[in-house]
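The values are calculated or read from the model by the stated rules, or taken from the named source; none is laboratory data. Just so you know, these numbers come straight off a predicted model, no measurement behind them. All Cβ positions, glycine included, derive from the backbone under ideal geometry; neighbour counts span all protein chains shown.
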Amino acid sequence: MNSKQNINNWSLIIKPKKNWFDINLGEIWRYKDLIALLVRRDFVARYKQTILGPIWFIIQPLLTTLMFTIVFSRVAGLSTDELPPVLFYLAGITAWNYFAENLKATSNTFVQNANIFGKVYFPRLIVPISVVISNLIQFGIQFLFLLAFMLYFYLSGSNFTITNHVFLIPVLLLLLAGLGLGFGIIISSLTTKYRDLTNLVIFGVQLWMYATPVVYPLSQLSGTFRFAVLLNPMTSIVETFRLALLGSGTFNWLYLAYSFAFMIITLIVCTLLFNRVEQSFMDTV
């Protein structure tokens, strides 16, 4: 009788997942304190022993913007839709970086956290979720940096306009977070068996950026090339982000709906793979 009473008095009972699409959102919410702890750990650990610290959040987009301005605007002569090249490239880089950082960081979820996963129980999705939130802090710093440049160019007499699409920025952030999280988890699930994929992530993200209107405007493309770029779910997000802040870009509700549908499908696939791999990844990592 005592053993039965002890079993019934457990505050937490851990059970194996019965299907591939088994997500307990309530359980994830109960571990919100752990999410906050991991967010702080990710943010502090990244630049704890660096000289410049969080200033690197600003240096990276600044140097990239300067390089793009010299190579693509001055040398190659690519159009920036009559916007100051610095603002054009910095706006695209700010949006792209949030997606890219989420993808690269979550793509190592299983491999980098194998020791923790093997010793302590907690909902495994907490780790990639905390990464997305910590990267939001980085996005906030870079966004403020972009606003500072916008103020400078505005006072200098540059012609750009903040449009009503600025109210869509929270939606765009959701899309960037969802796509980065989804693709990152898919790659992380596959790298438990195929480690070669880890070496392809950075290269693949770089190629993906050039398939996105970050260094060129969608308005300059036509025919097959335009259609191919529009198949990229990141295209409408970057274009809408630039339109919201600078008044120049291509916006269409259908394009944005396509990106949203793409994100939902990606999250469904990543959840199926994550739950499938989670049950046996300790045997392969």
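Within region 182-203, can you find the residues that are free of Cβ contacts under 8 Å to residues at least 60 places away in the same chain and over 20 Å from Val277 (Cβ atoms)?
Phe203
So which residues in region 74-101 are in a helix (DSSP H, G or I), of a type in the set (A, V, I, L, M) and surrounded by 19 or more Cβ atoms within 10 Å (Cβ to Cβ)? Full working, then the answer.
Of region 74-101, the ones in a helix (DSSP H, G or I) are 74-75, 85-101.
Imposing the further condition that a residue be of a type in the set (A, V, I, L, M) reduces the set to 75, 86-87, 90-91, 93, 95, 100.
Val86, Leu87, Leu90, Ala91, Ile93, Ala95, Ala100 - these are the residues of region 74-101 that are in a helix (DSSP H, G or I), of a type in the set (A, V, I, L, M) and surrounded by 19 or more Cβ atoms within 10 Å (Cβ to Cβ).
Of all residues in region 116-128, how many are modelled with pLDDT of 70 or more and over 18 Å from the mean Cα position of the chain (by Cα)? If you could, list the steps in order and put the result at the bottom.
Let us first name the residues in region 116-128 that are modelled with pLDDT of 70 or more, namely 116, 120, 123-128.
The next check asks that each one be over 18 Å from the mean Cα position of the chain (by Cα); those that pass are 116, 120, 123-124.
So the answer is 4.
Name the single residue, out of those in region 37-73 being loosely packed, with under 13 Cβ neighbours inside 10 Å and at pLDDT 85 or above, that is farthest from Phe149 (Cα to Cα).
Val71
Name the one entry in Val269, Val215 that is out of contact with any Asp or Glu (no Cβ under 9 Å at 6 or more places or on another chain), part of a loop (DSSP other than H, G, I, E, B) and modelled with pLDDT under 95.
Values: Val269 fails: part of a loop (DSSP other than H, G, I, E, B).
The conditions single out Val215.
Can you find a residue in region 188-204 that is buried (at least 18 other Cβ atoms within 10 Å of the Cβ), in contact with a Pro (Cβ under 9 Å, 6 or more places away or on another chain) and at pLDDT 85 or above?
no
Exactly one of these conditions fails for Phe160: (1) under 15 Å from Ile237 (Cβ atoms); (2) in contact with a helix residue (DSSP H, G or I) (Cβ under 6 Å, 6 or more places away or on another chain). Give me its number.
Here Phe160 meets the rest and fails (1).
Among the numbered criteria (1) in contact (Cβ under 8 Å) with a residue 40 or more places away in the chain; (2) out of contact with any Leu (no Cβ under 8 Å at 6 or more places or on another chain); (3) under 19 Å from Ala177 (Cα atoms), which single criterion is violated by Ala257?
Only one criterion is unmet by Ala257, namely (1).
Would you check if there is a residue in region 126-139 being buried (at least 17 other Cβ atoms within 10 Å of the Cβ), in contact (Cβ under 8 Å) with a residue 40 or more places away in the chain, among the hydrophobic types (A, V, I, L, M, F, W, C) and more than 24 Å from Phe43 (Cβ to Cβ)?
no
Kindly check whether there is at least one residue in region 145-167 that is under 30 Å from Thr271 (Cα atoms), of a type outside the set (Gly, Ala, Ser), in contact with a Phe, Trp or Tyr (Cβ under 9 Å, 6 or more places away or on another chain) and surrounded by 15 or more Cβ atoms within 10 Å (Cβ to Cβ). Walk me through it before giving the result.
Taking region 145-167 first, the residues under 30 Å from Thr271 (Cα atoms) are 167.
Next, from what is left, pick out any that are of a type outside the set (Gly, Ala, Ser): 167.
In the following step, the residues that additionally are in contact with a Phe, Trp or Tyr (Cβ under 9 Å, 6 or more places away or on another chain) were identified as none.
Looking for residues that are under 30 Å from Thr271 (Cα atoms), of a type outside the set (Gly, Ala, Ser), in contact with a Phe, Trp or Tyr (Cβ under 9 Å, 6 or more places away or on another chain) and surrounded by 15 or more Cβ atoms within 10 Å (Cβ to Cβ), one finds none in region 145-167, hence no.
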